[in-house]
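Single-structure report; data block below.
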Amino acid sequence: MLRFEIVGREDYSEATYMLEVHHPLMARAAQPGQFVIVMSHEQGERIPLTLADFDRERGTITLVIQAVGKTTREMQQTCSIGTTLHGLVGPMGIPSPLEGHKKVVCVGGGLGVAPVFPQARGFKEAGATVIGVLGFRTKGLVFWIEKFRSICDELILCTDDGSAGLKGFVSDGIKVAIERHDDIDEVLAIGPPVMMRACAEVTRPHGIKTVVSLNPIMVDGTGMCGGCRVKVGDKVKFACVDGPDFDGHQVDFDDLTMRLRRYAEEERAAMERWSENCRMRESANPIAPGGE
Ligand SMILES: Cc1cc2nc3c(=O)[nH]c(=O)nc-3n(C[C@H](O)[C@H](O)[C@H](O)COP(=O)(O)OP(=O)(O)OC[C@H]3O[C@@H](n4cnc5c(N)ncnc54)[C@H](O)[C@@H]3O)c2cc1C
Ligand code: FES
């Protein structure tokens, strides 16, 4: 049976970690803007994760994950170098169109910083001037700045508390970019829905095309279950096969936010069950003082 070995891991904060996974075929097929569906073990939940990077020579893909609930916290505990993922399906989703742009602003907020990287690099390779706008809550959470510096013509770092870069949100960073450049032909924003909505509202009066990457709840990832449906203008779209990139000025963010909270009760129950199991395992196998 195919197993996918984890060959690299780095922790960026208490909640955010990076996994580099050996999968030469996926690395060869991956395009910026695409995602994979991961099962960490045989009984595990299937979760969608964006391809935050891929290295065709090393035959690896990179995932950057935020531990928010049962599965992502379980993976935070169990996924270390040398372990394997049970299932990895993809690449899924429509690759982002990168050709034909002169000047683009690539915006990543919090965890969204990682998934925007392949697009930013792709725009640069296609000949565009790339302005990066990256936002974090505070300095201690900043990651991948040097990686972005190496591919961006200009980089605007924002922190909510002003501990690094500009004090403010990424939407403030976009305002700075618009003041400095009157020839931006596209803004691409990835992050929480509230952030992507704010970015779309900043660019709307300027008529700048704004693309957002939507993250609704996905189940099969093949357009069959309807779980990931989103409203875009007067149309209903399935983010897994029609996206995940959509026109930010057309997205119904209220509907997206409401649907993301739909299983909150079940998610809380799964988290409690898992935490209780962890506590029981720990009390059955207490670590002796001074032991391993
Ligand atoms: C296209 C796409 C790309 C994504 N890329 C990343 C990424 O690169 N890194 C990352 O950390 N997260 C990413 N996510 C979100 C990630 O899939 C969820 O955080 C994860 O499924 C949560 O599972 P959980 O059991 O840990 O938490 P839960 O407690 O089950 O859920 C926490 C929250 O995550 C969302 N969520 C839960 N299940 C799913 C699901 N099956 N599909 C989508 N969202 C779900 C819900 O909003 C929920 O409220 C992406 C989502 C999509 C749709
Ligand atoms: S995840 Fe089932 S239709 Fe998109």
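The values are calculated or read from the model by the stated rules, or taken from the named source; none is laboratory data. Fair warning: this is a prediction, and the values are worked out from it, not measured in the lab. Note that we place each Cβ from the backbone using ideal geometry, even for glycine, and neighbour counts take in every protein chain shown. The accessibility values were calculated without ligands, DNA or RNA, using every heavy atom of the protein model including side chains. Shrake-Rupley method; radii C 1.70, N 1.55, O 1.52, S 1.80 Å.
The table below lists the values:
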item: Cβ pairs under 7 Å, 6+ apart, first in the range 272-292 and closer than 22 Å to THR71 by Cα, second at pLDDT 75 or above; result: TRP274/LYS70; TRP274/GLU74
item: Criterion (within 16 Å of ligand 2 (Cβ to nearest atom) and closer than 24 Å to MET271 by Cβ) met by exactly one of GLY69, GLY93, GLY112, GLY87; result: GLY87
item: Residues satisfying the stated conditions in the range 9-21, i.e. open to solvent by 10 Å² or more (accessible area, probe 1.4 Å) and either under 22 Å from GLN119 (Cα atoms) or at pLDDT 95 or above (or both); result: ARG9, GLU10, ASP11, TYR12, THR16, MET18, GLU20
item: Those residues of the range 173-197 which are open to solvent by less than 40 Å² (accessible area, probe 1.4 Å), aliphatic (A, V, I, L, M) and part of a helix (DSSP H, G or I), in sequence order; result: ILE174, VAL176, ALA177, ILE178, MET195, MET196
item: Of the criteria (1) open to solvent by 60 Å² or more (accessible area, probe 1.4 Å); (2) within 15 Å of ligand 2 (Cβ to nearest atom), which one GLN250 fails; result: (2)
item: Only listed residue being crowded, with 22+ Cβ neighbours inside 10 Å, touching a strand residue (DSSP E or B) at 6+ places or on another chain (Cβ under 9 Å) and within 23 Å of PHE35 (Cβ to Cβ), chosen from VAL212, VAL236, VAL202; result: VAL212
item: Members of the range 27-58 that are in contact with a Phe, Trp or Tyr (Cβ under 8 Å, 6 or more places away or on another chain) and within 22 Å of GLN76 (Cα to Cα); result: PRO48, LEU49, THR50, LEU51, ALA52, ASP53
item: Matching residues in the range 215-229 - criterion: being more than 7 Å from ligand 1 (Cβ to nearest atom) and open to solvent by 50 Å² or more (accessible area, probe 1.4 Å); result: THR222, MET224, CYS225, ARG229
item: Residue count, the range 22-69 (criterion: part of a loop (DSSP other than H, G, I, E, B), open to solvent by less than 50 Å² (accessible area, probe 1.4 Å) and either near ligand 1 (Cβ under 10 Å from one of its atoms) or at negative phi (or both)); result: 11
item: Meets criteria (in contact with a Lys or Arg (Cβ under 7 Å, 6 or more places away or on another chain) and not in a helix (DSSP H, G or I)) for SER80; result: yes
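For every residue, the table says whether it meets (1) of a type in the set (D, E, K, R); (2) away from ligand 2 (no atom under 16 Å from the Cβ).
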| residue | (1), (2) |
| --- | --- |
| MET224 | no, no |
| LYS237 | yes, no |
| ASP255 | yes, no |
| CYS278 | no, yes |
